[in-house]
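**Q** Below you'll find the structure I mean.
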Amino acid sequence: MEISAIEIHLLCSKVSESVADYFISGIYSMEEGALFRLNHSTKPERLIAVASFAPWITTKNLSIPQATKFVSRLRALERFALDSIEQVGNERIARFSFKSRKGEKRNLYAEFFAHGNLILTDPDADDLIIDVEKPQSFRHRKLEVGEKYLLPPSRGIPLQNIDREKLVSIYSSTSANIVEEDLSAVRWFGRNIGTSRKFVEEIFFRAKVDLNLPARSLSDTDLEKLAEACESLRSDLRKSDAGYILLPLEESDLDLDVCPIVPNSWNFYAQGKLATISSFPSLSDALDEVLVQAIILARRRSVSQKTRAKAAELASAIAKQVSQIELNRKRAGELRAMAKTLMSSQLRNPNSEKEIVNKLISYELLELSKDSGNQARFSTEPRSFLKSYSGTALGSRLFDEAKRLDSQTQRIEEIMRDLEGQKTNLLETTRSQEEKAERKLITERRERQWFERYRWFVTSNGRLALGGRDSTSNSIVINKYTGKNDVVFHADLYGSPFFILRNERSEPGPPSDEIALEISQATVSFSRAWKDELGSADAYWVFPDQIKKSAPSGEYLPRGSFFIEGKKNFVRHLKVELSVGIMSSSNLPVMEKSPEEEQGVESSPDSNSFLVVCGPDRSIAACCQSRVKIAPGKEKGSIFARRLKQQLVNKIKDIKVKEASKKLLLDDILRVLPAGGYKFVSEKQNN
């Protein structure tokens, strides 16, 4: 794949525009790269794919289950804000600049050449390398911990900087080399201008300058045309919102390629039936598809490597059998023809003796006996010499040999049929293995809804309950999403989220006892009570006008906290436990749009998708296809999430829903769980 420096520049610009003011919420491994999950307090989630060849905003799930050691160490960047993304120099290198809340800075350099590399540095310490994915040492620089990060030597003038004056200057300064090496125009241009071969050829095509023209013969007019072609290409690349993929056909030795435009060379390949061209809405979509296809191909090959090798051996054996069958049939026919000739003449023709001997020796029917003066004898009967046969007798013997070859052919055909059966079964097994491996690759990613940035669930009467995940989101939930007719819930202990019941009634009024119990239990279960493994806790609810953003004179409110004025309506002795369920997005309540949706930022839920939701058991039972009750415990993280997913999927009876639920990501399950450890509540305890 040939991603040029100017394309890296364009991709960095587009990525940077999309993720301003975002922070890193997760870092995952992907095939030959890393995947960054970015969150914002009000904007939709973003995923940045940093592969070995380019960075882009992805809409796919490209992560692999097991993080590499380097990515695990890179997770120290989680919660850092992403300041900027920019191309560095004229190389295929992007610099990601991060900053923590405490002012700590980090640079991550992504190199998109020589199979890619990621280098983490400290910009406050003269860009000393803190960590590197692939330590390497070159003549001009060392990519090792403790070394200063240096760019590789420049490879020509950036295409972005080329105009007529610059091109004429380069031509003048390199005139000696042009004459000495007798360079062609295209080689001279490619050597001095930093861009990919496909763009060099495209520039010459647009300029209508012969690629093979000797560089010494380039005129001022030619240089001017080439400079104008550079500007034309740059303009088209900047304006393009699309993406294109060059897909080589099997018989072609071309490489898969991606580009924001369709170069002329691609049209040539397509017209020559060497490749096809596919278009996509954006370059990021095209890169998504390229990487997914590469992953699928790699996985298919990995699971079927041995079986395909065995199938290839069988195919070779079958080909040999087919060749032997054809040879036997040809020889049998020739032997019968010789036998008929001998038997019809009754006598052997001495003049044809040598010809017969040579033919039968080539068929390995005769051999020359050194012990008998090189007399010809039958290979299968050492005492049976050719000279003892009359014409009729030899003809009869040749008929017998032809029958023997026919019998041998029948046995070979039986062996070949058996080999073909083995090959067919092996290929069917191979296809099954490859399709299974491809099905396991879940790349489609559901667009998260605005409320999924927070704690949430649907109450048993179909209303949305929304809660904060931390002090920042607590403030957002109260300040941005709490309406005058909502009801606000809080646990009677430190470290509790605020939960709101949205639009419970047209006018302010108390919630029903059942709904108050549900939301109160969620509030205490998502609080520190879970992490501290408390058995029960108390919560209360108030109206929005009782919540004050500032404390009374002389008192201090921590970040994300509010002062409650007036009566608190307590719900006592709430059990600290929750249920996790799988629900269809069609069961989401019909509710007013968020402020972002009203501005057209968010899309409506996909009615065919499934979500993981965590809340009080009564609420989860009312809206979910399956559910599992959990409580505070000692089991941690992804191991518990994997077991939880298995239990949830096993409880679903509808086959279509079960298959769709298998595609749910462990990350989505972990995201809805309260902070702390977990255990399953047994079925007996559930009843």
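Taken together, the values in this text are just the output of simple stated rules run on the coordinates, not laboratory data. Quick caveat: nothing in here was measured; it's all calculated off a predicted structure. Reconstructed Cβ throughout: ideal geometry from the backbone, glycine too, with neighbour counts over all protein chains shown.
**Q** Count the DSSP beta bridges whose two residues both fall in the chain, then state the antiparallel fraction as a percent rounded to the nearest 5.
**A** Counting DSSP beta bridges with both partners in the chain, the antiparallel share is about 100 percent.
**Q** A follow-up question, please. Please identify the GluC sites (Glu not before Pro) of segment 116-173 that satisfy two criteria: DSSP loop assignment and at most 13 other Cβ atoms within 10 Å. Which are they?
**A** Sites meeting the loop and neighbour criteria: Glu144.
**Q** So, one more: Express in nm, to one decimal, how much length is gained between Asp124 and Asp210 on full extension, taking 0.36 nm for each residue of separation and deducting their alpha carbon distance.
**A** Full-extension gain reported as 25.9 nm.
**Q** List the pairs from Lys480/Lys548; Lys484/Lys548; Lys320/Lys359; Lys69/Lys142 whose alpha-carbon separation is above 18 Å, in the order I gave them.
**A** Beyond 18 Å: Lys320/Lys359; Lys69/Lys142.
**Q** Right, another one. As an exercise, use a Förster radius of 41 Å and the Cβ-Cβ distance of Arg448 and Glu224 to find the FRET efficiency, rounded to the nearest 0.05.
**A** Working: r = 52 Å, r/R0 = 1.27.
Taking R0 as 41 Å, the efficiency between Arg448 and Glu224 is 0.20.
**Q** Taking R0 as 41 Å, what FRET efficiency do you get between Lys403 and Lys306 from their Cβ-Cβ distance, rounded to the nearest 0.05?
**A** 0.45
**Q** How far is helix 391-440 tilted, in degrees, relative to the longest principal axis of the Cα atoms in the chain, given as a value from 0 to 90 rounded to the nearest 10?
**A** Orientation of helix 391-440: about 10 degrees from the principal axis.
**Q** How far is the Cα center of segment 38-71 from the Cα center of segment 91-132, in Å?
**A** 16
**Q** Under a Cβ-Cβ cut-off of 10 Å, what is the net charge of the residues other than Asp222 that fall near it, where Lys and Arg count +1 and Asp and Glu count -1?
**A** On the way: positive: Lys208, Lys225; negative: Asp210, Asp220, Glu224.
Computed value for this residue: -1.
**Q** Are there trypsin sites (Lys or Arg not before Pro) in segment 130-161 that DSSP marks as loop and that have at most 14 other Cβ atoms within 10 Å, and which are they?
**A** Passing sites in segment 130-161 are Arg139.
**Q** What is segment 246-295's relative contact order, in percent, from Cα pairs under 8 angstrom and six or more apart in sequence? Don't jump to the answer; show the numbers that get you there.
**A** On the way: 45 pairs, mean separation 19.4, N = 50.
Reported as a whole number, the value is 39 percent.
**Q** State the extension gain, in nm to one decimal, for the chain segment bounded by Glu104 and Val657, taking 0.36 nm per residue of separation less the distance between their alpha-carbons.
**A** Using 0.36 nm per residue and subtracting the Cα-Cα distance, I get 194.5 nm.
**Q** If each residue of separation counts as 0.36 nm, what is the full-extension length gain between Val179 and Ser384 once their alpha-carbon separation is subtracted?
**A** 65.8 nm
**Q** So what's the angle, to the nearest 10 degrees on a 0 to 90 scale, between helix 513-525 and the longest Cα principal axis of the chain?
**A** For 513-525 against the chain, the angle is about 70 degrees.
**Q** Can you give the relative contact order of the chain as a percent, counting alpha carbon pairs under 8 Å and 6+ residues apart? Please list the in-between numbers first.
**A** Values: 1199 pairs, mean separation 54.0, N = 687.
Result for the chain is 8 percent.
**Q** Given Cα pairs under 8 Å that are at least 6 residues apart, what percent is the relative contact order of segment 110-244?
**A** Averaging sequence separation for qualifying contacts and normalising by length gives 18 percent for segment 110-244.
**Q** What chymotrypsin sites (Phe, Trp or Tyr not before Pro) does segment 486-541 have in DSSP loop regions with at most 12 other beta carbons within 10 Å?
**A** Qualifying residues, ordered by number: Tyr494.
**Q** Roughly how tilted is helix 283-345, in degrees to the nearest 10 and between 0 and 90, from the longest Cα axis of the chain?
**A** Helix 283-345 sits roughly 20 degrees off the main axis of the chain.
**Q** Just order 637-650, 82-95 by mean Cβ neighbour count inside 10 Å, highest at the front, would you?
**A** The densest-packed peptide leads the list: 82-95, 637-650.
**Q** Based on the Cβ-Cβ distance from Glu165 to Ser585, what FRET efficiency comes out when R0 is 41 Å, to the nearest 0.05?
**A** The calculated FRET efficiency here is 0.10.
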